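Take a look at the structure below.
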Ligand SMILES: Cc1ncc(C[n+]2csc(CCOP(=O)(O)OP(=O)(O)O)c2C)c(N)n1
């Protein structure tokens, strides 16, 4: 391999990048700056690195997060010293909270310039507090330190990102001048220890990831519980990959239990074998009283549906088993009595192997029928009400998204509308969300990174405040390897707050809703993005179909009214509740 060894800074940076590549870290989001020159040059000159130039480090962090979420492999972000690095904070928090690998590479001043008032010099180590899986402060490159140290540190960093709990790592690099790759002599013997590494293309230290198999005791307890349950319920939260989805589908077939699948599980769309409208079924007291599970087997992340959480709370005391691939407590209502950390496919397959096909519990068919009834009510209601509404937009997307695309859902109402009203008859596409910390920041960049990682055109459904928050990430879209079709719901502020009790307090409501009268056509023009503003559902369907067919980055702005939106939700839910109570 060619090592760029013009000077010691260049050499260390070149070793770093090459060892990252050997570890599968090949996607780099690079932001401009001087102190980071050795890192940037090394990444730019490594032909195996895919690079994206990002002016704004906040967007770069979220883009890398989206890429890591899509691939399970970390993307690296490179920033200069100072507040540039601090801009990664929200992406690091989300990566940490939702178990996504992410590698922060920051440049720093050498020790003699720290705490001296030197320009653009801040305390970088420890900046991300306890949201990291690991951090390391590289000393300034020095011939007294063997170059193998760089390689073993990289291998350790990648291991810390990928072993459970998966998450972000920060490597901080102190560099003295010269920062550019200007020639300086390096001792002949210095590279001696790298002979074998240079001759092959392997990692210096190979880590073997532990397989998180469940211990035999909790596995046996789960199997016994499953066998003894008369009215089991399988609940599936956010999943990371197709492998997990397939294993859960196999288990669901064996269990024959009703399945409540969250929109972030990837099982909610294009899947006839689930209780698709479970959230709406839980509007009905009659349904809840009749459904009553005796066991909940919850696999993966938490559920978006607040009604599900309330339902589980109301059933406190039943057996609640939670299986996830990390050690953290995801139990806000304190219901879980058996928590198993395991590789999800391995765990599901172990149960599947040990149980015979179970009989359908008695509450299964009624739930299935009622879910279908809800589906029909939603379809008829939306057919009758052609004026554009937020639930209709979510449903039309779920019906028309092509099977080889992906979907990214913004926080606030977009994810909830899709969770509640998506048509299960559409395509089964990968679904991305930032639900670790549920921020409304960085969603355009995250969706673009998700698209790049999956190598699929992606639809982003997003609210206007969230869009405004990440407006400058539109600059990234021209360079993105995959198109992003942005469906922007502009209800002129935070529509979600109209659903909350604070909406009654008119004197202070502006502080929550943050109303505005912006439209986003000029933003689209600025970034040379084709723009459409459909006014009814037929128009929207047409424009959306065209956009996904063309596979071009497009902004579709849908203007809705908050009061009408509330009214629409209420009328639809009233109809659903009345129908369910009457059956
Ligand atoms: C970074 C961040 N700031 C504030 C919030 C609190 N918050 C949650 S939803 C929301 C409103 C979002 O409005 P919009 O994106 O227009 O979506 P809508 O509510 O209309 O669906 C806000 C401010 C948050 N989650 N994240």
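The values are calculated or read from the model by the stated rules, or taken from the named source; none is laboratory data. Small disclaimer: the values here were computed from a predicted structure and weren't measured. Every residue, glycine as well, gets a Cβ built from its backbone with ideal geometry; the counts of neighbours run over all protein chains shown.
Taking each residue of the range 86-115 that is closer than 12 Å to residue 172 by Cβ and modelled with pLDDT of 95 or more and looking for partners that are within 15 Å of the ligand (Cβ to nearest atom) and part of a loop (DSSP other than H, G, I, E, B) with beta-carbon atoms closer than 9 Å, six or more apart or interchain, yields 104/88; 106/88. Residues of the range 403-446 that are touching a strand residue (DSSP E or B) at 6+ places or on another chain (Cβ under 7 Å), more than 13 Å from the ligand (Cβ to nearest atom) and within 30 Å of residue 573 (Cα to Cα): 406, 407, 408, 429, 430, 431, 432. So which residues in the range 520-545 are part of a helix (DSSP H, G or I), surrounded by 17 or more Cβ atoms within 10 Å (Cβ to Cβ) and either modelled with pLDDT under 95 or in contact with a helix residue (DSSP H, G or I) (Cβ under 9 Å, 6 or more places away or on another chain) (or both), if there are any at all? The answer is 523, 524, 537, 540, 541, 544. Of note, residue 464 does not satisfy the criterion of being within 15 Å of the ligand (Cβ to nearest atom) and under 19 Å from residue 271 (Cβ atoms).
Of all residues in the range 472-494, those satisfying the criterion of being at pLDDT 95 or above and either farther than 24 Å from residue 533 by Cα or within 13 Å of the ligand (Cβ to nearest atom) (or both) are 486, 487, 488, 489, 490, 491, 492, 493, 494.
Cβ-Cβ distances below 7 Å connect no pair with a first residue in the range 513-530 that is farther than 13 Å from residue 556 by Cβ and free of Cβ contacts under 8 Å to residues at least 24 places away in the same chain, a second residue that is in a helix (DSSP H, G or I) and away from the ligand (no atom under 15 Å from the Cβ), and a separation of six or more residues or different chains. Selection of the range 371-390 for residues being over 17 Å from residue 268 (Cβ atoms), in a helix (DSSP H, G or I) and either out of contact with any strand residue (DSSP E or B) (no Cβ under 6 Å at 6 or more places or on another chain) or free of Cβ contacts under 8 Å to residues at least 60 places away in the same chain (or both) yields 373, 376, 377, 380, 381, 382, 383, 384.
Of the numbered criteria (1) buried (at least 24 other Cβ atoms within 10 Å of the Cβ); (2) within 16 Å of the ligand (Cβ to nearest atom), the one residue 469 fails is (1). When residue 506 is tested against (1) more than 16 Å from the ligand (Cβ to nearest atom); (2) without any contact (Cβ under 8 Å) to a residue 60 or more places away in the chain; (3) surrounded by fewer than 21 Cβ atoms within 10 Å (Cβ to Cβ); (4) within 18 Å of residue 553 (Cα to Cα), only condition (4) is not met. Could you check the range 273-304 and list, in sequence order, the residues that are surrounded by fewer than 23 Cβ atoms within 10 Å (Cβ to Cβ) and farther than 21 Å from residue 372 by Cβ? Once the filter is applied, which keeps residues that are surrounded by fewer than 23 Cβ atoms within 10 Å (Cβ to Cβ) and farther than 21 Å from residue 372 by Cβ, the range 273-304 yields 294, 295, 302.
Tell me which helices (runs of 4 or more DSSP H) are completely within the range 269-342 and hold 2 or more residues being touching a strand residue (DSSP E or B) at 6+ places or on another chain (Cβ under 7 Å) and modelled with pLDDT of 95 or more, or say none if there are none.
306-314
Just give me the residues in the range 333-346 being within 26 Å of residue 292 (Cβ to Cβ) and either crowded, with 16+ Cβ neighbours inside 10 Å or free of Cβ contacts under 8 Å to residues at least 40 places away in the same chain (or both), in sequence order. Listed by number, the residues that qualify are 333, 334, 335, 336, 337, 339, 340. In the range 509-519, the residue that is nearest to the chain's Cα centre (by Cα) out of those that are in a helix (DSSP H, G or I) and either more than 10 Å from the ligand (Cβ to nearest atom) or within 23 Å of residue 408 (Cα to Cα) (or both) is 511. Among the residues in the range 151-158, are any in contact (Cβ under 8 Å) with a residue 60 or more places away in the chain, in a helix (DSSP H, G or I), under 27 Å from the mean Cα position of the chain (by Cα) and farther than 17 Å from residue 38 by Cα? Yes, because at least one residue in the range 151-158 is in contact (Cβ under 8 Å) with a residue 60 or more places away in the chain, in a helix (DSSP H, G or I), under 27 Å from the mean Cα position of the chain (by Cα) and farther than 17 Å from residue 38 by Cα.
Go through the range 64-111 residue by residue and tally those that are within 16 Å of the ligand (Cβ to nearest atom) and more than 14 Å from the chain's Cα centre (by Cα). Count: 4. Within the range 53-68, the presence of at least one residue that is farther than 25 Å from residue 242 by Cβ, out of contact with any strand residue (DSSP E or B) (no Cβ under 9 Å at 6 or more places or on another chain) and in a helix (DSSP H, G or I) is confirmed. When residue 85 is tested against (1) assigned to a loop (DSSP other than H, G, I, E, B); (2) crowded, with 20+ Cβ neighbours inside 10 Å, exactly one condition is not met: (1). All of (1) crowded, with 21+ Cβ neighbours inside 10 Å; (2) part of a helix (DSSP H, G or I) hold for residue 44 with one exception: (1). Yes or no: the range 445-464 includes at least one residue that is farther than 26 Å from residue 239 by Cβ and touching a residue at least 40 places away in the same chain (Cβ under 8 Å). Yes, because at least one residue in the range 445-464 is farther than 26 Å from residue 239 by Cβ and touching a residue at least 40 places away in the same chain (Cβ under 8 Å).
All told, residue 151 falls short of being within 17 Å of residue 95 (Cβ to Cβ) and either at pLDDT 95 or above or touching a helix residue (DSSP H, G or I) at 6+ places or on another chain (Cβ under 8 Å) (or both).
Checking the structure you have, find out if any residue of the range 98-111 is out of contact with any strand residue (DSSP E or B) (no Cβ under 7 Å at 6 or more places or on another chain), at negative phi and surrounded by fewer than 20 Cβ atoms within 10 Å (Cβ to Cβ). Among the residues of the range 98-111, not one is out of contact with any strand residue (DSSP E or B) (no Cβ under 7 Å at 6 or more places or on another chain), at negative phi and surrounded by fewer than 20 Cβ atoms within 10 Å (Cβ to Cβ), which makes the answer no.
Looking only at the range 379-399, which residues are surrounded by 20 or more Cβ atoms within 10 Å (Cβ to Cβ) and either in contact with a helix residue (DSSP H, G or I) (Cβ under 6 Å, 6 or more places away or on another chain) or more than 20 Å from residue 576 (Cβ to Cβ) (or both)? Break it down stepwise before answering.
We begin by selecting, within the range 379-399, every residue surrounded by 20 or more Cβ atoms within 10 Å (Cβ to Cβ); these are 388-398.
Answer for the range 379-399, where residues must be surrounded by 20 or more Cβ atoms within 10 Å (Cβ to Cβ) and either in contact with a helix residue (DSSP H, G or I) (Cβ under 6 Å, 6 or more places away or on another chain) or more than 20 Å from residue 576 (Cβ to Cβ) (or both): 388, 389, 390, 391, 392, 394, 395, 396, 397.
Scanning the range 164-185 turns up no residue that is under 30 Å from residue 321 (Cα atoms) and either part of a helix (DSSP H, G or I) or free of Cβ contacts under 8 Å to residues at least 60 places away in the same chain (or both).
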